[in-house]
Amino acid sequence: MALLDDWKAVAYNQNQSQYALKEFWDDYFEKEKNVYKTLLRDFGKPYKGTVEALAETFGLTNLEMAGFLDGIQDSLKVGNPIDTMDEKTEVNLDFDKEKLFREMVDARAEWLYTLPEWDAIYDKDTQRDLIRDQKQSHTVHVKKIGRNDPCPCGSGKKYKYCHGRPGAEPLPGYVK
């Protein structure tokens with residue numbers, strides 16, 4: 001079984017009590033935060049090696065390192081073989097700073113994207129702009145049609161007499 005599968009079996013074990021799972025995740029998130037502090041403080045330093053060696057470097061277990069690698073995977077410049085890795089697999093932590101920041105915002109991990117170590121990488125205005133842009137990138141804008149507007153289907157009728165009438169099939173991409 002791959003290391004990531006072992007991590008998922010422990011981290012998402014539904015046989016544990018809610019209290020035990022919360023305690024597990026609280027402990028993990030604190031360790032994860034410390035790893036990110038180090039990576040951000042040493043921004044540009046190439047961290048790479050075996051899963052086992054990196055786990056030791058950051059004070060994590062091999063399973064915790066697998067969980068960390070799973071979390072940072074989408075922000076790496078070159079991905080790691082996380083689905084098949086074991087303790088001896090060579091991995092890297094060479095991340096794209098903007099992708100990482102945006103992923104943290106996406107994950108609603110405020111304890112990570114507000115770390116003071118980001119201040120050496122991005123000024124406060126840039127951080128604020130990245131946060132705003134990332135949050136707005138998930139906003140869905142739907143075209144609204146007024147009752148008395150011409151129907152977008154091209155029939156020439158008012159919307160209320162065409163696709164806006166009760167029981168009419170809705171137009172794709174529009175909201176009644």
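Before moving on, here are some points about what is shown:
- Taking Lys and Arg as +1 and Asp and Glu as -1, the other residues whose beta-carbon sits under 9 Å from that of residue 117 total +1.
- Set against the labelled values [x] 70, 44, 32; [y] 48, 43, 28; [z] 72, 41, 22, Cα extents along the principal axes in Å computed from this structure falls on [x].
- Heavy-atom accessible area order for 153, 162, largest first, 1.4 Å probe: 153, 162
- Loop-located chymotrypsin sites (Phe, Trp or Tyr not before Pro) in the stretch 31-129 whose Cβ has at most 14 other Cβ within 10 Å (DSSP): 43
- Per-residue SASA entry for residue 37, accessible area with 1.4 Å probe, Å² rounded to 10: 60 Å²
- Taking 0.36 nm per residue of separation and subtracting the Cα-Cα distance, full extension of the segment from residue 98 to residue 22 would add 24.4 nm.
- Separation of the stretch 4-64 and the stretch 95-139, taken as the distance between their Cα centroids, equals 21 angstrom.
- Along the axis of the charge dipole computed for the chain (Cβ charges of +1 for Lys and Arg, -1 for Asp and Glu, origin at the Cα centre), the listed residues 92, 38, 116 are led at the positive end by 116.
The values are calculated or read from the model by the stated rules, or taken from the named source; none is laboratory data. Please read these numbers as outputs of a predicted model, since none were measured by experiment. When we count neighbours, we look across all protein chains shown, and the Cβ atoms used for this are built from the backbone with ideal geometry, even at glycine. All accessible areas refer to the heavy atoms of the entire protein, side chains included, with ligands and DNA or RNA removed. Shrake-Rupley method; radii C 1.70, N 1.55, O 1.52, S 1.80 Å.
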